[in-house]
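None of the figures in this text is laboratory data; all of them are computed from the coordinates on show. What you see is a predicted model, and the numbers here were worked out from it, not measured in a lab. Heads up, the Cβs are rebuilt from the backbone with ideal geometry, glycines too, and the neighbour counts pull from every protein chain shown.
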Amino acid sequence: MAELERKIIPIGPFHPLQEEAEYFKLKVEGEKVVGLDIQLGYMHRGHEKICEGKTYDQIPFVVERICGICSTSHPFACVQAIEDAAGIEIPPRAAYVRTIVGELERIHSHLLWAGLAGHFLGYNTVWMWAWKYRESVLEISELITGNRNHYAMFKPGGVRRDIEGGMIPPLLATLDELDKKLTMLTKAVLDDPMLHKRLEGVGVLTREKAIEYSVEGPTGRASGLKIDVRKDDPHAAYDWVEWEEIVCQEGDVFAKTKVRLLECLESTKIIRQCLRKLKDLPEGEIDARMEHGPDGEGVGRYEAPRGEVFHYVKGDGSMYPVRYKIRAPSSMNIKSNEVAVLGGSVADAAIILAAVDPCYCCTERIAAFNTKGKFLYNWNDLLKLSQEKTARMGGGS
Amino acid sequence: MADEVIKTQNLDKNGAYIGGKGFCPQRDSEPEFKNIEGQCREFYPEGELNLVRKRRWYWEIAAEDLVKVADFCFNTLGCRFSTATGEDTPRGFTILYHFSIDRLGLLISVRVILPHDDPQVDSLTVLGQGFEWAEREIHEMLGIGFRGLGDTRHLLLPDDSPDDYHPYRRSFG
């Protein structure tokens, strides 16, 4: 048999698998993926340097703009880093409000992922359900914070707005409705034979490789790593409420889906408990004042929907930091695609690269040429390949 | 199948989710923290271990012992590598390697200080692929050389940035 020619399929720099523009060079022999090279840097905006020129009150607003989907994760980690360095304790009301906002974001982010994963597989029913139910989460967010996204709720020492007693009963009622929908969606997805066939054993990241690549969040938990900053490094109200960490052992795309969907249900559990406890708390302070900038180092960590967000701050007593370091979870997770995608087929590449949830957006622009310059695929072709595979297996919509 | 999965997550009769019993009792265990502190001090007594807060430790070590200490953290203590922070300070270029012991929520930041005139340190990619991007970022932003780092292409800066273009240096601009 003639040896197969090795070809490169460039995915990116701009395409809808990623929130940020990144460049995946997928090396293939025939249908089989044999290598991956990842290039970053297209979206580098110098946030760390910008933060050094802002006061501690301004930094949460700057870092909120890093990501559109997990917009509250960066401020969450940021205010914790500043509070860690300055030694500030936040009032209990603020802790509950922070937890509620953080969990709302997790639900809508996971639903967004589930919907897009369904779309990539050519299973648009999942996409329509997931995004429809996501709307009700965004409406709750709007009710609490005034915005569907970019909530601007956090400040060093507390939060900017309270959740008042009168708002809580309608919120609880909406949550009950949401719970039913989420349960239905979760059961439907986990019981779907087509999704089992299409996702089980696909894009496996073994536990050993997960440790070597230091992955985190749902990507790590789907590979059997019991890591969750909310549990491990207690902050806000996460250790005042009861909830479970979701851990799976398989490491494939189905396990990642399972982890994310079940986490949504845990999130509603957390929000419900927080709202009830908030109702019983006396009205009071929602922020602790910070009189001067911290003199020393501090680290803030928060479990964003995609994994641990890490912020490091070093201050000299003034209102400006000397050094500000930011590390988002995707920068640890995306690199693990190097091993997850190996040995799979081109038709599975789209869903495997998307399985670490590197956020999505923007325009699409890919084209594949062989070494002689002959046109092979563009992004739509790749998506079509994925969707056709599902159709061949007798599913899709 | 879905029902079985969901049942383990505390589903009540009406299909609504109720609280579990998911506390982490080992998390606040004092003997565990003491044990790890003892192990660190015994393994590398020359280092300066500073327990700033219960879960935030800073450990300053000599740059030539970095691989030894990182190997101890990553493989012996079973830490996860969180990230590395590079900074240009008056004492020299500082790199903080943040290692996390997740079961305790403990973050050990290993600090090395490199001279301004010839900043060189051994690469930790021998321990795992997870270190590569953090090192490539520090390499381009601060101009620190990592001995043994195979791939030294630009990670965040444009491909055609000049070799002496290091934006995080205090002398930059």
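The HN-Hα couplings worked out from phi for the range A:340-352 by the Karplus form 6.51 cos²θ - 1.76 cosθ + 1.60 (θ = phi - 60°) are 5, 7, 5, x, x, 9, 4, 5, 8, 4, 4, 6, 5 Hz, whole numbers, x standing for Gly and Pro. One chain, two ends: residue A:42 and residue A:142. Fully extended at 0.36 nm per residue, the span grows by 32.8 nm beyond their Cα-Cα distance.
Can you compute the FRET efficiency between residue A:8 and residue A:320 using 1/(1 + (r/R0)^6), with r the Cβ-Cβ distance and R0 = 41 Å? Round to the nearest 0.05. Calculated value: 0.35.
Take each residue of peptide B:76-86, count the partner chain Cβ atoms within 10 Å of its Cβ, and average: the result is 5. For the range A:89-289, relative contact order (Cα pairs under 8 Å, six or more residues apart, normalised by length) works out to 33 percent. Taking only the C-alpha atoms of the range A:89-289, Rg followed by Dmax gives 17.7, 55 Å. Set against the 2.2 N^0.38 Å expectation for a compact globular protein, the range B:20-147 has a Cα radius of gyration ratio of 1.10.
Using a Gaussian network model of chain A in which every pair of alpha carbons under 10 angstrom is joined by a spring, one finds that among A:289, A:306, A:207 the greatest mean-square fluctuation is at A:289. Between helix A:168-190 and chain A there is an angle of about 20 degrees, using the helix long axis and the longest principal axis of the Cα atoms.
The antiparallel fraction among DSSP beta bridges confined to the range B:20-147 stands at about 75%.
Springs join every pair of Cα atoms under 10 Å in this Gaussian network model of chain A, and among A:208, A:216, A:303 the largest mean-square fluctuation is at A:208. Modelled label positions at residue A:242 and residue A:392, each set 7 Å beyond Cα in the direction of Cβ, lie 4.9 nm from each other.
May I ask you to sort A:247, A:159, B:126 by Cβ crowding, counting other Cβ atoms within 10 Å and putting the fewest first?
Values: A:247 18, A:159 25, B:126 12.
With the sparsest Cβ surroundings first, the list reads B:126, A:247, A:159.
Sparse packing (at most 16 other Cβ atoms within 10 Å of the Cβ) combined with a DSSP loop state is found for the following trypsin sites (Lys or Arg not before Pro) in the range A:226-267: A:226.
What average number of partner chain Cβ atoms lie no more than 10 Å from the Cβ of the residues making up B:129-138? Before the final figure, lay out each step's value.
On the way: counts 8, 10, 3, 3, 7, 4, 0, 1, 5, 0.
Across B:129-138, the average partner-chain Cβ count within 10 Å equals 4.
For chain A, what does the relative contact order come out to in percent, with C-alpha contacts under 8 Å and a separation of six or more?
Details: 810 pairs, mean separation 111.3, N = 397.
Relative contact order comes out at 28 percent.
For a 31 Å ceiling on Cα separation, which of these pairs sit above it: A:54/B:54; A:181/A:277; A:54/A:258; A:25/A:231; A:7/B:68; A:231/A:384? List each step's numbers first, then the result.
Values: A:54/B:54 29 Å; A:181/A:277 24 Å; A:54/A:258 41 Å; A:25/A:231 37 Å; A:7/B:68 41 Å; A:231/A:384 40 Å.
Where the Cα-Cα span goes over 31 Å, the pairs concerned are A:54/A:258; A:25/A:231; A:7/B:68; A:231/A:384.
Computed from the C-beta positions of residue B:91 and residue A:188, the FRET efficiency with R₀ = 51 Å rounds to 0.30.
What's the Kirkwood radius of the protein assembly as shown in Å, using all Cα pairs?
Details: mean 1/r = 0.0408 Å⁻¹.
Evaluated over the protein assembly as shown, this radius sits at 24.5 Å.
As a test of the formula, what do you get for chain A when each DSSP H run with n ≥ 4 contributes -39,500 (n - 2.57) and the sum is divided by the residue count, at 222 nm and rounded to the nearest 500 deg cm²/dmol? Please report the intermediate quantities before stating the final value.
Working: 15 runs with 182 residues, N = 397.
Computed mean residue ellipticity for chain A: -14500 deg cm²/dmol.
Taking A:111, A:121, A:171 in turn, the Gaussian network model of chain A (Cα-Cα springs below 10 Å) assigns the largest fluctuation to A:171. Helix A:73-86 and the long axis of chain A differ in direction by around 40°, with both axes built from C-alpha atoms. In chain A, the longest principal axis of the Cα atoms and the axis of helix A:253-280 are about 10 degrees apart. Modelled label positions at residue A:177 and residue A:50, each set 7 Å beyond Cα in the direction of Cβ, lie 3.7 nm from each other.
Backbone N atoms of the range A:86-114 closer than 12 Å to the 7 Å Cα→Cβ label point of residue B:53 belong to residues A:86-90.
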